[in-house]
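Visitor: Structure incoming, see below.
Derivation of every value follows stated rules applied to the coordinates shown; laboratory data play no part. Predicted model only: the values in this text are computed from it and were never measured. FYI the Cβ positions are ideal-geometry reconstructions off the backbone, even for glycines, and counts take in every protein chain you see.
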Amino acid sequence: MPLKAVLIEDNENNRYLLTLLLRHAGFEVVAATDGRSGIETVRREAPHVVLLDIQMPEMDGYEVAAALKNDPHLAHIPVVGVSSFAMPGDRDRAMRAGFAGYIEKPVDPERFAQSVMAFLQGK
């Protein structure tokens, strides 16, 4: 049974690339284009991991992560931030907000799925 990931990403090109990389590594991927539909997708799909863009319109990644962590049925699912925010302190802010990990964009195609697996294994 493959690992399932929900990818919440508003940029179509990023969604395509990240989905391709994860599927190539054996993941089943279900994508959502915004925070609200992403939360519903996580509820419906019960994934092993959530990959979450931080900078999205209407509901940013921090709000989505908080909603997931405040739901007792979803709080156990690791949330990995995937963001172009690369300023000092951005990674720390994500970790304080309850993210299990943080991957900067542009992602390294050769290491992306490996990094997601490491967060799943708690490393």
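Visitor: Pull up the DSSP beta bridges for the chain and report the antiparallel fraction as a percent, rounded to 5. Spell out each step's value before the answer.
Guide: Numbers: 0 of 17 bridges.
If I count the DSSP bridges inside the chain, around 0 percent turn out antiparallel.
Visitor: Apply the Karplus curve 6.51 cos²θ - 1.76 cosθ + 1.60, θ = phi - 60°, to the phi angles in segment 4-16 and return the couplings in whole Hz, x for Gly and Pro.
Guide: Those phi angles translate into 10, 10, 9, 10, 10, 8, 7, 8, 4, 5, 5, 4, 4 Hz.
Visitor: By per-residue mean of other Cβ atoms within 10 Å, what is the highest-first order of 109-120, 34-45, 66-77? Don't skip to the answer; put the middle values down first.
Guide: On the way: 109-120: 15.8, 34-45: 17.4, 66-77: 13.7.
Ranking the peptides 109-120, 34-45, 66-77 by packing returns 34-45, 109-120, 66-77.
Visitor: I'd like the distance separating the alpha-carbon centroids of segment 30-91 and segment 99-115, in whole Å.
Guide: Here the two parts' Cα centres lie 15 Å apart.
Visitor: Using the Kirkwood radius built from alpha carbon pairs, what does the Stokes-Einstein equation give as D for segment 53-98 at 10 °C and 1.306 mPa s, in µm² per second?
Guide: On the way: Rh = 11.0 Å.
For the chosen part, D equals 144 µm²/s.
Visitor: Counting Lys and Arg as +1 and Asp and Glu as -1, each charge on the Cβ, what is the dipole of the chain about the Cα centre in debye, to the nearest 20?
Guide: That gives a dipole near 420 debye.
Visitor: Quick one: net charge around Ala65, please, counting Lys, Arg +1 and Asp, Glu -1 for every other residue with C-beta under 13 Å from its C-beta. List each step's numbers first, then the result.
Guide: Working: positive: Lys69, Arg93, Arg96; negative: Asp53, Asp60, Glu63, Asp71.
Neighbourhood net charge equals -1.
Visitor: Using just the helices of the chain, give the 222 nm mean residue ellipticity in deg cm²/dmol: DSSP H runs with n ≥ 4 each add -39,500 (n - 2.57), and the total is spread over all residues, rounded to 500. If you can, show how the numbers build up before the last one.
Guide: Values: 5 runs with 49 residues, N = 123.
About -11500 deg cm²/dmol.
Visitor: Is the shape of segment 25-123 rounded, prolate or oblate, going by the alpha carbon gyration tensor and its root eigenvalues a ≥ b ≥ c, with a/c under 1.5 for rounded and a/b larger than b/c for prolate? Present the calculation step by step, with values, prior to reporting the outcome.
Guide: Numbers: a/c = 1.39, a/b = 1.11, b/c = 1.25.
The shape class here is rounded.
Visitor: For Leu51, which sequence-distant residues (separation of 5 or more, or a different chain) have an amide H within less than 5 Å of its own amide H, given hydrogens modelled in the peptide plane?
Guide: So Leu51 has HN proximity to Val6, Leu7, Ile8, Val80.
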